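For reference, the structure is listed below as structure tokens.
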């Protein structure tokens, strides 16, 4: 008898099959979007000849296509009558049967396993130890499995004990960019910017709550009745938010924003159709020329992805400090120091906010300070840093347009305890920020860079801006794909002086004109 239970005669001469690997069921139809997994900025598909002839915005831009109008009304009628087809994952009988067997095997397996000993092993080692014990349990239950089913069962059981249970298969799917668990019986996933219902289920609310605790405990945080909200991250950098009852009325809710295995670059965004060639050139030069950049957009629009892409233009010799609530940025520079906030303890003390970290970062001799997101009074400290030798600092902010972005920054400074006139705040913003990059997730699921706007200065009490590039909407195809173009305003940029200091003035001017 070892720590994992009695092996018995059944497992003694059994050959080793190696470590359990993710099941890829033969004969099971793959989701049709799996070929382009992991792309947060899907490419704009070319229209066929028939679609161009029926929905060409340039042929008659004033009147929409009859086919497009008919399709839109059909969709609206179906939505009213709840007839919209379910685009969730197709049912998989093989996986369903494996999960059904797991429910029978797991309780008997736990009786034979020492949890402390199991916790010291990795997934591969645990699978090797489990193999003979699983054979014993299957023999007791009089269940016969082939090699493929055995591997699948081993993986499911190991995921249950050491991993994140049913979430593991979604985390392993490169096509999934967001996972939203709304209680034990409902899980939605995002693929190519579109939401669909997944087939995974949790045993009950207790099972889901255990998975949530396992996630937050790994990063030194907690979720319970006293702190029913928690921000955390997975080992690969994916961002996680957890909220539990009584705040969540449908049970424990887990929201996971997956971190792409392959870092997205500006060139990749251009290839996906997220921006034009000229816009990509301007953003590259802005990042390399130490311009102060604010990335504006809504939830899920790709702000953090854009920030990661811009950070690749930073000189390797610069010291960069990133500050976030849950560390999500992945910079490639050698001299990069990530900082993360800390929530209050059980007594409600010891919390370290983003503003505390920004103030402290100014004493750490940074060349650039990058904020994962501006939410409150730390905005003033970041603006001060941008004006005191930390050119090239960047941040993200939630807003729907560049003009609204500036208004939100003014409001966030006024939220603090610093009592200064609104005109002084506006002037501070105008002197600090160089570029505002607006990103949006359009209704067809594509993510686009819709505006690149310069902040020029003040005129009276108003902050003056100049738009360099803009995405102009034209029409959409019958299947909902949005048609538009990236237009240059043809204006001479005011930030060309900063580009000139780094020798980029000529390509910068050519890209804008």
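Values quoted throughout were computed directly from the atomic coordinates according to the rules given, and no laboratory measurement underlies them. Since the model is a prediction, treat every value here as computed from it, not as a measurement. With ideal geometry, Cβ positions are generated from the backbone for all residues, glycine too; neighbour counts draw on all protein chains shown.
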Restricting everything to alpha-carbon atoms, can you work out Rg to Rh for the range 289-330 with a Kirkwood hydrodynamic radius? 0.96
Over all Cα pairs of the range 410-471, how is the pair count split among 5 Å bins, expressed in % and running from 0 up to the last occupied bin? 4, 16, 20, 17, 15, 13, 9, 5, 1
Under a plain spin-label model, where a point goes 7 Å from the Cα along Cα-to-Cβ, how far apart in nm are residue 262 and residue 420? 4.5
Given the Cα-Cα distance of residue 76 and residue 384 and 0.36 nm per residue of separation, how much length would full extension add, in nm? 105.9 nm
What number results when the radius of gyration of the range 96-162, computed over Cα atoms, is divided by 2.2 N^0.38 Å? 1.02
Give the peptides 302-314, 323-335 in descending order of average Cβ contacts within 10 Å, highest first. 302-314, 323-335
By average C-beta atoms within 10 angstrom, highest first, the peptides 397-404, 487-494: 397-404, 487-494
Amide N proximity, the range 136-150 versus residue 97 label position 7 Å along Cα-to-Cβ, cut-off under 12 Å: 144-150
Output needed: percent of Cα pairs per 10 Å distance bin for the range 133-204, bins running from 0 to the one holding the longest distance. 17, 39, 29, 13, 2
If 289, 135 are placed from fewest to most neighbouring beta carbons inside 10 Å, the sequence is 135, 289
Placing each pseudo-label 7 Å from Cα in the direction of the beta carbon, residue 332 and residue 111 end up separated by a distance in nanometres of 5.5
Quick check: pseudo-label points 7 Å beyond the Cα along Cα→Cβ at residue 501 and residue 353, how many nm apart are they? 3.1
Using 1/(1 + (r/R0)^6) with R0 = 45 angstrom and r between the beta carbons of residue 195 and residue 346, what's the FRET efficiency to the nearest 0.05? 0.75
With the range 264-374 reduced to its Cα atoms and the Debye formula applied, log10 I(q)/I(0) at q = 0.12, 0.15 1/Å amounts to -0.47, -0.69
